[in-house]
Amino acid sequence: MTDSESGAPEATGSSEGSLAPEEPRAAGHRRGRRGVRRARKGRGRRRGPAIAVSLTLVVCLLVTAGVVVLVGRVTSVLNGWEAPAADATPEVGTIETPPHDQLTGPPSQSGVTAREDEGTTGEAVAGADERSGPAGPPRPSEAWLDEVSASTGVPRRALEGYASAQLVIEADQASCQLSWPTLAGIGYVESRHGTYAGGELGPDGNTTVDVIGIPLDGTNNTQAIPDTDGGVLDGDTEWDRAIGPMQFIPSTWERWGESLEGGTPDPHNIDDAALSAGRYLCAGGRDLTSAHDWESAILEYNRSSAYVSDVLAYAHAYADAAA
């Protein structure tokens, strides 16, 4: 910085004279400080945008790093994700059915191979007077049950009930020509062969969990049917409910219920329910190989054309799979 810039006077050789210009010198000195401050302020102003840019870059870098980490985690999760596996266990007894519009008549007749030892083993029970015990109801053979259950998907114990009903009705109502696939079609649509409530059929043919329908109170597209059994069969003292694997209402069961083995018929037993359904379908001298009689029989069971179509489709599918 020069003297003129600082405001310093020229030397006069006099100490007094040298004092006079002190004020201007001080003023010049103050101006110098202001200049320094201005310069510093100028440098501060120049650094301001640079700091802002730097902060912006830092923020951008942090955001970018965060996005990279997040994308990495999402990618890792997606790479490890697998689509939920489809339920490997289909509904009991389900089977691919033919198109409804291609079905023009009842299912074809499906024969049942009966056990060869029906009617008791005389030697084992004859005793001293060589009398044999009373003959038991006809039942399908073990080999037939194994083969047909495997080919159709119908649970073996349910199939035994349907086939036993066919054998009994063949013996004393042969003109009806009831075939087990019709009963199986009803059993599937009504209760998934007795498994609809979450249970299954036990070795004795009874459902492990009772299958009881909704109240028949006129709602949910039902016919209003006030209680007819005092709640004995369905547990409802106000309205009737459909019961068992073949879904009889108590009043119908009261009329048509029949036990395969004798004794009191049980609507929750597949043997009794299937035989009773067969009797009901064959009522009025119907021939179930006739399209008209078959349809009228199913409508008697449930007055719904959609129901008839569903039963017909499953009956055909079971008959075809067993052929």
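Here, each number is a calculation from the coordinates, and none is a lab measurement. Keep in mind the model is a prediction, meaning the values are calculated, not measured. As a convention, Cβ positions derive from the backbone with ideal geometry for all residues, glycine included, and neighbour counts pool all protein chains shown.
Could you give the length gained by full extension between residue 222 and residue 113, i.e. 0.36 nm per residue of separation minus their alpha carbon distance, to one decimal place?
Stretched out fully, the residue 222 to residue 113 stretch lengthens by 35.3 nm.
Cα convex hull of segment 125-273: mean projected area in nm², to one decimal?
Result: 11.2 nm².
Calculate how large, on average over all directions, the projected area of the Cα convex hull of segment 197-262 is; give the answer in nm² to one decimal. Please list the in-between numbers first.
Working: hull surface 20.0 nm².
Quarter of the Cα hull surface area: 5.0 nm².
Would you calculate the separation in nanometres between label points at residue 96 and residue 232, each defined as 7 Å from the Cα along the Cα-to-beta-carbon direction?
Taking the simple label geometry, residue 96 and residue 232 are separated by 4.8 nm.
Starting from 0.36 nm per residue, how many nanometres of slack lie between residue 296 and residue 135 once their C-alpha separation is accounted for?
Result: 54.5 nm gained on full extension.
Taking the Cα-to-Cβ direction at residue 143 and at residue 309 and moving 7 Å from each Cα, how far apart do the two end points lie in nm?
4.2
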